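The values are calculated or read from the model by the stated rules, or taken from the named source; none is laboratory data. These numbers were taken from a predicted model, which means no experiment stands behind them. Here Cβ is always computed from backbone atoms with ideal geometry, including for glycine, and neighbour counts include all displayed protein chains. Protein only, heavy atoms only, side chains kept; ligands, DNA and RNA dropped before computing areas. Shrake-Rupley method; radii C 1.70, N 1.55, O 1.52, S 1.80 Å.
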Amino acid sequence: MRKYPVSWFYILAFGISWIGMISVVLASRGIAPFYRPYFLVLSILYAIGPALAAVIVSQVAYGKKGVQNLLKGLIRWRVGLVWYIIAILGPVVLLIAAQAITKLLGMPVTIAVPQVVLSPYIIFGAMVNFFAHTCEEIGWRGFALPRLQKRHNALMATLIVGVLWGFWHFPTLFLVGNPMSEYPFIWLLIIVTNAFIYTWIYNSTKGSILLVAIFHGALNIWGAFIPGVSPIAYALLNGAVAIILIAVFGKGNLSHQKRVYVD
């Protein structure tokens, strides 16, 4: 693991997460006995898989110090108010812009987003959402990205993380009612291009896992409140944003700060 930490991380992240997701997929299709609670509890592995894989590889390869260094990004909160605004409200701007493009070009929206009403259940769901996405970001941005940025420029590292992040969602394509199953290739483009925003935030905040986790969670939460967004429009918008970030900040760092990397 010390020699090939990134490879081992992805092997474990996919393995742990997919074990959890397979049970959910089978349950969604009414295949007994996977709809029973003692099987569905495995679904938590899907959420914690990337974080658990990152912690395991860090512990085995680098010891306790490696785990401590990995988790430092979670408490890197002194990053400036502007980054909190970007992380929380940036998704709103993206979704409203994609909504406008959808209406302007008359793109079809085949997925109906239910009206969301604030309630204790919604608040609890938001907390679970933040926990799940924090676990993802400990793996994708906290562990994989800085190691890939040691060997590659930020653009190439982002493409690798983005493609593998997209492929990690593969089991959800078989989940009944999941929007990704309708436009799998479009959603892959969305995830890959979206990864450039995450890298920009991560490098600009000098490796704050907290800020990328907030952005990740906010994107999903605001998505429930802003309906009428075509996946095609969102993919086009994300692609444009990625191109702008590369043009403005350069492929080397995707930020005015130096890219964050570790051995």
Selection from region 141-171 of residues that are open to solvent by 30 Å² or more (accessible area, probe 1.4 Å) and of a type in the set (A, V, I, L, M, F, W, C): LEU155, MET156, LEU159, ILE160, VAL163, LEU164, PHE167, PHE170
Number of the condition not met by ALA233 [criteria: (1) aliphatic (A, V, I, L, M); (2) open to solvent by 20 Å² or more (accessible area, probe 1.4 Å); (3) touching a residue at least 60 places away in the same chain (Cβ under 8 Å)]: (2)
Looking at (1) open to solvent by 80 Å² or more (accessible area, probe 1.4 Å); (2) under 30 Å from SER230 (Cα atoms), which is the one condition that is false for VAL92? (1)
Go through region 179-208 and give me each residue that's in a loop (DSSP other than H, G, I, E, B), open to solvent by 30 Å² or more (accessible area, probe 1.4 Å) and either among the charged types (D, E, K, R) or touching a residue at least 60 places away in the same chain (Cβ under 8 Å) (or both). GLU182, LYS206
Of the criteria (1) within 15 Å of the chain's Cα centre (by Cα); (2) within 25 Å of VAL24 (Cβ to Cβ); (3) of a type outside the set (A, V, I, L, M), which one PHE196 fails: (2)
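When you look at PHE174, is it more than 15 Å from the chain's Cα centre (by Cα), open to solvent by 50 Å² or more (accessible area, probe 1.4 Å), under 24 Å from LEU45 (Cβ atoms) and not polar (S, T, N, Q), yes or no?
Spelling it out, PHE174 is indeed more than 15 Å from the chain's Cα centre (by Cα), open to solvent by 50 Å² or more (accessible area, probe 1.4 Å), under 24 Å from LEU45 (Cβ atoms) and not polar (S, T, N, Q).
So if I check each of ILE56, ILE31, ILE48, which one is part of a loop (DSSP other than H, G, I, E, B), of a type in the set (A, V, I, L, M) and either open to solvent by 30 Å² or more (accessible area, probe 1.4 Å) or touching a helix residue (DSSP H, G or I) at 6+ places or on another chain (Cβ under 7 Å) (or both)? Reasoning before the result, please.
On the way: ILE56 fails: part of a loop (DSSP other than H, G, I, E, B); ILE48 fails: part of a loop (DSSP other than H, G, I, E, B).
Step by step, each of ILE56, ILE31, ILE48 is checked, and only ILE31 is part of a loop (DSSP other than H, G, I, E, B), of a type in the set (A, V, I, L, M) and either open to solvent by 30 Å² or more (accessible area, probe 1.4 Å) or touching a helix residue (DSSP H, G or I) at 6+ places or on another chain (Cβ under 7 Å) (or both).
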Give all pairs with beta carbons closer than 6 Å in which a residue from region 25-49 that is more than 23 Å from CYS135 (Cβ to Cβ) meets a residue that is open to solvent by less than 50 Å² (accessible area, probe 1.4 Å) and at pLDDT 75 or above; count only pairs at least 6 apart in sequence or on separate chains. TYR35/ALA27
Whether any residue in region 234-246 is modelled with pLDDT under 95 and polar (S, T, N, Q) is what I want to check. no
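On the phi > 0 side of the Ramachandran plot and open to solvent by 50 Å² or more (accessible area, probe 1.4 Å), is that true of LYS258?
Working: on the phi > 0 side of the Ramachandran plot: no; open to solvent by 50 Å² or more (accessible area, probe 1.4 Å): yes.
Here the answer is no, as LYS258 does not meet what is asked.
For region 236-258, which positions are among the aliphatic types (A, V, I, L, M) and touching a residue at least 12 places away in the same chain (Cβ under 8 Å)? Let's see the steps before the verdict.
Quick first cut of region 236-258, residues among the aliphatic types (A, V, I, L, M) only: 236-237, 240-248, 254.
Answer for region 236-258, where residues must be among the aliphatic types (A, V, I, L, M) and touching a residue at least 12 places away in the same chain (Cβ under 8 Å): LEU236, LEU237, VAL241, ALA242, LEU245, ILE246, LEU254.
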